[in-house]
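Q: Handing you a structure now.
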Amino acid sequence: MNKIYKKKAALHNLGCKVNAYETEAMGELLKEAGYEIVDFTEKADVYVINTCSVTNMADKKSRQMLHRAKKRNPDSIVVAAGCYVQTKQEEARLDDAVDIIIGNNKKQDLILAIEAFEKDRSQSESVIEINHRQPYESLRMTKTAEHTRAFIKIQDGCNQFCSYCIIPYARGRVRSRPFADVLDEVKALAANGYQEIVFSGIHLSSYGIDIGETLLHLILDTARIEGIRRIRLGSLEPGIVTEEFASELAKTEKICPHFHLSLQSGCDDTLKRMNRTYTTAEYQKSCELLKTYFEHPAITTDVIVGFPGETKEEFHATEQYLKEIHFYEMHVFKYSKREGTKAAVMKDQVPEGQKAERSERLIALAGEMSEEFRKYYIGKEVEALMEEPLWIEGRRYFTGYTKEYLKIALETEKDLSNSFVKGRVTGRLAEGLYVMVEF
């Protein structure tokens with residue numbers, strides 16, 4: 001017998017993996033309340049847009065999606081949730097497209113907010129002063145949109161206040177999810193067939209500092225959960241990679257040696273202006289520790305080019321430093337002013353043309369290093385967690401990822417979704433994709 005739904009709801013996510021987790025968790029709340037979840041392009045009774053505010057452009061995109069939802073169904077309830085609301089509360093309040101405003105740390109109240117609005121159809125809001133100390137918001141999932149790996153939010157907020165970043169003002173101070181609550185969600189996901197979990201957070205490295213725990217302790221306990229075969233970590237600060245951290249992870253077979261260490265610049269003077277809390281020497285030591293304890297770890301990073309005051313010499317220092325560390329992947333960003341941050345009013349803003357030129361150089365370098373990292377695996381035996389089929393020139397492949405996040409393709413007619421396959425890498429099939437022969 002088909003389930004009868006009382007109403008339809010559509011959700012749209014903007015921004016990071018933490019936002020994506022929260023969007024899916026809000027989707028589960030709506031399902032539990034009896035809503036049918038439909039695609040955002042369809043007509044719905046309720047639209048929930050989980051907004052982003054990391055850049056001025058993110059604010060603009062958030063506003064666009066809110067207006068798009070109201071235009072799709074003028075009679076719908078449009079919910080603006082998340083970071084844009086938190087940083088631009090008055091602007092969101094005056095927006096005719098917005099019916100309900102829900103800030104960060106209040107998304108768990110989504111259903112209550114909708115029910116309250118339905119009583120008198122007047123704009124309602126649930127936004128707290130995020131910069132005051134808040135408890136960790138209780139959101140959780142049992143299933144995710146991903147079929148093989150599950151992203152789990154375990155931490156929120158940031159205490160760093162980098163000079164270019166608005167996030168501490170949007171997300172507030174560090175808040176860690178209770179230890180037992182994380183493990184309960186991992187167990188529930190494992191029971192639903194997920195074999196790989198990815199821990200994520202706004203400032204993941206700070207997990208536990210407010211509750212007397214550590215990220216390392218959580219990882220080691222998670223590794224003991226039956227059914228979980230891989231543990232992958234989100235973005236880390238280099239300072240967390242100590243001798244103990246690297247050595248203990250290396251003893252844990254389930255750990256994926258795929259580490260995203262946030263860098264931003266390879267020049268110490270630039271790092272100081274960014275208010276980053278490490279030097280290039282300290283960062284390099286963290287990378288060397290990972291390379292000592294893992295055979296061929298995939299180390300990835302973020303780099304900002306054209307930060308205020310970045311001279312040709314400083315950019316050159318960054319470029320040389322990146323070559324020395326030799327990353328698997330680099331995400332290169334041109335510095336973009338963010339209103340409300342110290343960097344936005346700094347002197348010596350770099351012209352857009354120079355930013356573009358520097359960005360192009362580093363993107364080309366990133367491509368070269370990434371291909372070199374992948375070629376290392378030709379002729380080697382690997383194990384991949386398979387995800388989905390792919391057709392290339394009329395031939396059917398199944399694709400998946402190794403622990404190092406190397407994308408692998410195996411020619412087969414079988415459905416290998418969510419299964420582990422061992423084989424030997426034989427060569428490059430397409431850009432960023434290598435072919436494997438099964439044992």
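Q: Tell me which residues, restricted to region 166-188, are surrounded by 20 or more Cβ atoms within 10 Å (Cβ to Cβ) and touching a Ser or Thr at 6+ places or on another chain (Cβ under 7 Å).
A: Passing the criteria: Ile166, Ala170, Val174, Val186.
Q: Taking Ile325 and the conditions (1) within 22 Å of the chain's Cα centre (by Cα); (2) within 30 Å of Glu243 (Cα to Cα), which numbered condition does it fall short on, given that it satisfies the others?
A: Status for Ile325: all satisfied but (1).
Q: Quick one: in region 303-347, of everything that is touching a residue at least 60 places away in the same chain (Cβ under 8 Å) and charged (D, E, K, R), which residue is surrounded by the most Cβ atoms within 10 Å (Cβ to Cβ)?
A: Among them, the one singled out is Arg338.
Q: One residue is enough: does region 161-178 have a residue meeting the conditions more than 30 Å from Val345 (Cα to Cα), in a loop (DSSP other than H, G, I, E, B) and hydroxyl-bearing (Ser, Thr, Tyr)?
A: No, the conditions are met nowhere in region 161-178.
Q: Quick check on my filter: what residues within region 222-256 are part of a loop (DSSP other than H, G, I, E, B), open to solvent by 10 Å² or more (accessible area, probe 1.4 Å) and closer than 21 Å to Ala180 by Cα?
A: Within region 222-256, Ala223, Arg224, Ile225, Glu226, Gly227, Arg229, Gly234, Thr252, Lys254 meet the criteria.
Results for (1) touching a residue at least 60 places away in the same chain (Cβ under 8 Å); (2) among the basic types (Lys, Arg); (3) in contact with a strand residue (DSSP E or B) (Cβ under 6 Å, 6 or more places away or on another chain); (4) open to solvent by 70 Å² or more (accessible area, probe 1.4 Å), shown as yes or no for each residue.
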{"residue": "Gly82", "(1), (2), (3), (4)": "yes, no, yes, no"}
{"residue": "Ile101", "(1), (2), (3), (4)": "no, no, yes, no"}
{"residue": "Glu115", "(1), (2), (3), (4)": "no, no, no, yes"}
{"residue": "Glu118", "(1), (2), (3), (4)": "no, no, no, no"}
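Q: Which residues, taken from region 5-16, are out of contact with any Leu (no Cβ under 8 Å at 6 or more places or on another chain) and buried (at least 17 other Cβ atoms within 10 Å of the Cβ)?
A: Lys8, Ala10, His12, Asn13, Leu14, Gly15, Cys16 - these are the residues of region 5-16 that are out of contact with any Leu (no Cβ under 8 Å at 6 or more places or on another chain) and buried (at least 17 other Cβ atoms within 10 Å of the Cβ).
Q: Name every residue in region 408-439 that is assigned to a strand (DSSP E or B), farther than 14 Å from Lys380 by Cα and open to solvent by 50 Å² or more (accessible area, probe 1.4 Å), in order of residue number.
A: Residues satisfying the conditions are Glu411, Leu429.
The values are calculated or read from the model by the stated rules, or taken from the named source; none is laboratory data. Remember, predicted model here, so these are calculated numbers, not experimental data. All Cβ positions, glycine included, derive from the backbone under ideal geometry; neighbour counts span all protein chains shown. Areas reflect the complete protein model, heavy atoms only, side chains present, ligands, DNA and RNA absent. Shrake-Rupley method; radii C 1.70, N 1.55, O 1.52, S 1.80 Å.
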